[in-house]
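Everything on this sheet refers to the single structure shown next.
The values are calculated or read from the model by the stated rules, or taken from the named source; none is laboratory data. Note that the structure is a prediction, hence the values are computed from the model and not measured. Cβ atoms come from the backbone with ideal geometry, glycine included; neighbour counts cover every protein chain shown. Areas reflect the complete protein model, heavy atoms only, side chains present, ligands, DNA and RNA absent. Shrake-Rupley method; radii C 1.70, N 1.55, O 1.52, S 1.80 Å.
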Amino acid sequence: KHHDGFCLYNSRYTEFDVMSTPFKRDIMKELADACHDAGIKICWYHSIMDWHHPDYLPRRGWEKDRTEEGADFDRYFEYMKKQLKELLSNYGPIGVLWFDGEWENTWNNEYGEELYHYIRSLQPDIIINNRVGASRAGMEGLTQEGGFGGDFGTPEQTIPATGLPDLDWETCMTMNRHWGYNAVDKDFKSSKDLLQKLADISSKGGNFLLNVGPKADGTFPKESIDRLADIGKWMDINGEAIYGTQASPFKSLSWGRCTQKSLEGGTRLYLHVFDWPENGKLLVPGLGNQSIRSFILSDPNQDELSITRKRDAIEIELPEKAPNPFNSIVILDIVGDPVVFEAPMIEAGMSNFVKELEIRIIKDENQSEIRYTMDGSEPDENSPLYSDPIILNTTTTITACCFLAENPISNSVSRTFQKVIPNSGISVPGLKSGLKYNYYEGEWDQIPSYIGMTVKKQGVAENFDLAAKEIEENFSIDYLGFIDIPEDGVYLFYLTSDDGSILYFGDEVLIDNNGLHGATELSGEIALGKGIHEIRISYFEKSGGNMLNLTWEGPGIEKQTIPSKRLFHIN
């Protein structure tokens, strides 16, 4: 059941279902029976939205023929529970219930948590995604802290930059640019891209939910069939490197990705090589384990490859030609659980500073020691050992590396920290509390230019809180004012919005969070002197949820919403 409310199954609670069409067959029943017979788990997609039911709220902007009069969302909630009971009672065991459409402002975590436990009372072993709640962080797809998140996260059209320990998740992604069939959309991802995305997701401990948009007659587009065939051929040979594997022990690999499985007394590393080395030598960095053997997964003879230890890496001698142009699997079996000496992390609150800056260098394991330099040179066994935080008072490049028994056993990492002069505050007479705003209504996909546009309302707002809005969709607010900076320093600003927003200081853009998206946070760093500075935020909302929040951190300030007492305007 999708956003339109039409049921592809036989529901006794509505006539807006497949049984009211000339087809008159329960498609889901036939599909579920076939899957059960074949030993395949059947899983349901169900949208929380229902643009057909009279009690579903809110109404969309294009719904001109339906008013909200008499609508009762609680009554709709009970209707939805009855339909879900049908889906979970009449079709045998269901593997996953994949919710969507939770971003309307009528849905909340209380509804979500009640629905979650109701579903579990019907099928205790079912898996439920986090969109049953109302705390998903936009397209990133993970549940925000304090929200209700179901059983797993759902990044959409994106892959998390790093692994997500102790969190189950799957990336849902289209083959082209649309979820449904679109005859003119030929922008299909290549087989190479899809196979490498599969490896990337698996290497981070996730699942790949790859969408196919069928045509009206139920057939798949040829482009989708071709790509699925390519993925199937690769999986026939290399599926062992995907199914049943765990996330990579490496944070990053320059030539590809890694998945792993436990062996008796050791670990099998599946090295997904995207870029076959021209010199035939594959370097596996920072691996501290003893090697057992290496071979290419697609080699039926499993001929062993030569292994040599080189400084901080294991070197595997490869054949001249890659067995697969997209992703070749090299197996490396090692003794014990993987021990990876990653490059240390050089951490500081900011990249720039005004007076002085505290630097910390950290690592994940406790076997090695860190040596560092402050002149841009490579650390060696004579470089200083890191113990206490480093205090900088001038522009400096720090380079660090992990050592074991005076030998480097990780890559080096460098960061440059710049001492800067802050932007000076300005003198502004006649300051008054709050921010001026101009409020507009219209439909946009980006923040409008405002030039020549009619201002529907003007006023003063206490903060960037959208209190001036008069409707839930298709509006824009332009906030103009000043901020009082308490002391010289570098400040980090975090701009969160749904949909788009831009933060300016003076005429300069500090954070560009423009465009159509769910709740998304971006940050920007700026050196500001004590005093008054001009600030502006432009925001627009097209559809779905709407929110705007500006937080900051700086000298003596932990991350928090900017206090209204520091925001001003002039007439």
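Listed by chain and number, the aspartates and glutamates placed with their C-alpha closer than 13 angstrom to that of Lys542 are Glu104, Glu441, Glu443, Asp445, Glu472, Glu473, Asp498, Asp499; residues fewer than eight positions away on the same chain are left out. Using C-alpha pairs under 8 Å with a sequence gap of at least 6, the mean separation divided by the residue count of region 391-511 gives a relative contact order of 20 percent.
Charge tally for Pro389 (other residues, Cβ to Cβ under 10 Å; Lys, Arg +1; Asp, Glu -1): -2.
Among 171-178, 230-237, the peptide with the highest mean count of other Cβ atoms within 10 Å heads the list, and the full ranking is 171-178, 230-237.
For the pair Phe73 and Lys197, label points projected 7 Å from Cα toward Cβ lie 3.3 nm apart. Measuring r between the beta carbons of Glu317 and Gln458 and using R0 = 56 Å, the FRET efficiency lands at 0.20. Amide H contacts of Ile127: Val96, Leu97, each under 5 Å away and 5 or more positions distant or on a separate chain (H built 1.01 Å from N in the peptide plane; Pro and chain starts excluded). Put simply, the amide H of Asn513, placed in the peptide plane, has neighbours under 5 Å in Ser501, Ile502, Leu503, leaving out anything fewer than 5 places away on its chain.
Each residue, Ser254 and Ser449, gets one label point 7 Å from its Cα in the Cβ direction; the gap between the two is 4.6 nm. Taking region 340-354 and a reference point 7 angstrom along Cα→Cβ of Asn393, the backbone N atoms nearer than 16 Å belong to 353-354. Would you kindly give the portion of the calculated P(r) for region 1-138 that falls above 21 Å, as a percent of all Cα pairs? Percentage above 21 Å: 44. Our summary of shape: the Cα atoms of region 114-208 have principal axis extents of 43, 31, 24 Å, ordered from largest down, in whole angstrom.
For region 1-146, the antiparallel share of DSSP beta bridges with both residues in that region comes to about 10%.
Positive contributions from Lys and Arg (+1) and negative ones from Asp and Glu (-1), summed over other residues with Cβ under 12 Å from the Cβ of Gly205, come out at -2. Taking the alpha-carbon distance from Lys204 and a cut-off under 17 Å, which lysines remain once sequence neighbours fewer than 8 residues away in the same chain are dropped? Straight-distance partners of Lys204: Lys251, Lys261.
At the listed q of 0.11, 0.13 Å⁻¹, the Debye profile of the chain, built from one uniform point per Cα, gives log10 I(q)/I(0) equal to -1.24, -1.39. Remark on region 112-164: hydrodynamic radius 11.6 angstrom, per the Kirkwood mean of 1/r across alpha carbon pairs. Relative to the current alpha-carbon distance between Asp185 and Glu508, full extension at 0.36 nm per residue lengthens the span by 112.6 nm. Solvent exposure of the chain, expressed per residue, is 49 Å² of accessible area, with all protein chains present and a 1.4 angstrom probe.
The 3J(HN,Hα) values that the Karplus relation (6.51, -1.76, 1.60; θ = phi - 60°) gives for region 386-399 are, in residue order, 7, 9, 9, x, 9, 9, 9, 10, 8, 4, 8, 9, 9, 10 Hz. Gly and Pro appear as x.
State the antiparallel share, in %, of DSSP beta bridges confined to the chain, rounding to the nearest 5. Counting DSSP beta bridges with both partners in the chain, the antiparallel share is about 85 percent.
The candidates Arg25, Arg131, arranged from most to least accessible area with a 1.4 Å probe in the full protein assembly, appear as Arg25, Arg131. Applied to region 200-211, the Karplus parametrisation 6.51 cos²θ - 1.76 cosθ + 1.60 on θ = phi - 60° returns per-residue 3J(HN,Hα) values of 4, 5, 4, 5, 9, x, x, 10, 10, 9, 9, 8 Hz, with x for Gly and Pro.
For the pair Thr308 and Asp217 in one chain, pulling the backbone fully straight at 0.36 nm per residue adds 27.1 nm over the alpha carbon distance.
The DSSP beta bridges internal to region 129-235 are antiparallel in roughly 10% of cases. Within the accessible surface of the chain, defined with a 1.4 Å probe on protein heavy atoms only, the carbon and sulfur portion equals 48 percent.
Qualifying trypsin sites (Lys or Arg not before Pro) in region 282-362, where qualification requires a DSSP coil assignment and no more than 16 other C-beta atoms within 10 Å, comprise Arg311, Lys321, Lys355. Here the simple spin-label model places points 7 Å from the Cα toward Cβ, and for Ile237 and Thr21 these points are separated by 4.0 nm. When only Cα pairs below 8 angstrom with a gap of at least 6 residues are kept, region 406-470 shows a relative contact order of 32 percent. Per-residue Karplus couplings for region 312-318, computed as 6.51 cos²θ - 1.76 cosθ + 1.60 with θ equal to phi - 60°, are listed in order as 9, 9, 9, 10, 10, 7, 10 Hz, Gly and Pro entered as x. Computed over the chain, relative contact order equals 8 percent, with contacts defined as Cα pairs under 8 Å that lie 6+ residues apart. Restricting region 1-106 to chymotrypsin sites (Phe, Trp or Tyr not before Pro) that sit in a DSSP loop and have at most 12 other Cβ atoms within 10 Å of their own Cβ leaves Phe23, Trp62.
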